[in-house]
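See below for the structure under consideration.
The values are calculated or read from the model by the stated rules, or taken from the named source; none is laboratory data. For clarity, every value in this text was computed on a predicted model and none was experimentally measured. Cβ sites come from the backbone with ideal geometry, for glycine too, and all protein chains shown count toward neighbours. These area figures cover heavy atoms from the full protein model, side chains too; ligands, DNA and RNA do not enter into them. Shrake-Rupley method; radii C 1.70, N 1.55, O 1.52, S 1.80 Å.
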Amino acid sequence: MTTTLAEIADRAQLTLNDTGASTWPQDTIEEWVVEAIRDYTQVFPRTIRSSITISGSSPGHSFDMAPDYISMILVEYPGDQSPPKYLQRRRRTHPQFYGYEGFYDIETTGDMTENPTLYLSQEPSDGEKIYWTAKCHHDTTLVSGDDITVPEHHEGLLLLFVLWQAFKERLATEEQDPDTTLAGHVTLLQNLVKGANQAEREYKAALERAKANIADGGPTGTWAADPHDRIY
């Protein structure tokens, strides 16, 4: 089951008791949901498996990756072998990188100016495939009808983030133009500060619980016996 940006924003409006969008416009709530997804990515990046099909007799050693790439998990080359053959990472500046079998490297710019580049130590042949599995950012280039990529069981985290942003927005509005004619306006400010802090704590606590519920897993690195230890 998928959820659209508009649907999760509607649920956020319900959480805020503002289903008529009389306090916060739908566009504002959707922007907060997108910000929630950006924050969510820092803890739970999206795992993507994709492939590169080689075209041409001299493709070289470097290949563009997805722009939303964060970190590599696996590189399989040549593709479609049984059992699959996975490459080890080695710096491409290593003297035994180019022309040697079984290695890859990744270059990233740290920003969005250029796509990350995947380097293979071997030059692939025409028609071969490279399969890669990587952690990537969740999609934040969303409009109302687009499906979000956050799993359904974590959508509550997005709602808590939006609630936190709503408290912060109300607090900022009151701080910028406090209604000093209102009896107890200082108490109102104090309550808004308390509410914003509580909403932040609840969101971050829920995030930590979600992290604790994720079991460690995934591929392990290569293992080699210690040549100095005789028990091997």
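Tabulated data
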{"quantity": "Qualifying trypsin sites (Lys or Arg not before Pro) in region 1-110, DSSP loop, other Cβ atoms within 10 Å at most 10", "calculated": "91"}
{"quantity": "Cut-off under 5 Å, modelled amide H: who pairs with residue 103 long-range", "calculated": "88, 121, 122"}
{"quantity": "Solvent-accessible area, 1.4 Å probe, carbon plus sulfur percent, for region 31-81", "calculated": "41"}
{"quantity": "Cα-based equivalent ellipsoid of the chain: semi-axis lengths in Å, sorted from largest, via gyration tensor", "calculated": "48, 21, 16"}
{"quantity": "Estimated FRET transfer efficiency (residue 147, residue 177; beta-carbon r; R0 45 Å; 0.05)", "calculated": "0.70"}
{"quantity": "Length released on extending from residue 47 to residue 26, taking residue separation times 0.36 nm less the Cα-Cα span", "calculated": "4.6 nm"}
{"quantity": "Residues residue 98 and residue 210, FRET efficiency given R0 of 30 Å [Cβ-Cβ distance, rounded to 0.05]", "calculated": "0.10"}
{"quantity": "Intensity falloff of region 120-174 expressed as log10 I(q)/I(0), Debye formula with alpha-carbon point scatterers, at q = 0.16, 0.24 Å⁻¹", "calculated": "-0.76, -1.06"}
{"quantity": "Over 27 Å between alpha carbons, listed pairs 85/211; 135/168; 135/194; 168/211", "calculated": "85/211; 135/168; 135/194"}
{"quantity": "Helix-only mean residue ellipticity at 222 nm for the chain, each DSSP H run of n ≥ 4 adding -39500 (n - 2.57), per residue, nearest 500", "calculated": "-11500 deg cm²/dmol"}
{"quantity": "Fraction in percent of alpha-carbon pairs per bin - 10 Å, region 22-85", "calculated": "14, 31, 24, 16, 10, 4, 0"}
{"quantity": "Volume of the Cα convex hull of region 29-130, divided per residue and given in Å³", "calculated": "134"}
{"quantity": "For region 73-200, the spread of Cα positions along each principal axis, largest first, Å", "calculated": "77, 33, 24"}
{"quantity": "Per residue solvent-accessible surface (Å²) - the chain, probe of 1.4 Å", "calculated": "61"}
{"quantity": "FRET efficiency, 1/(1 + (r/R0)^6) with R0 25 Å, evaluated for residue 38 and residue 187 via beta carbons", "calculated": "0.15"}
{"quantity": "Span from the region 56-73 Cα centroid across to the region 145-168 one, whole angstrom", "calculated": "32"}
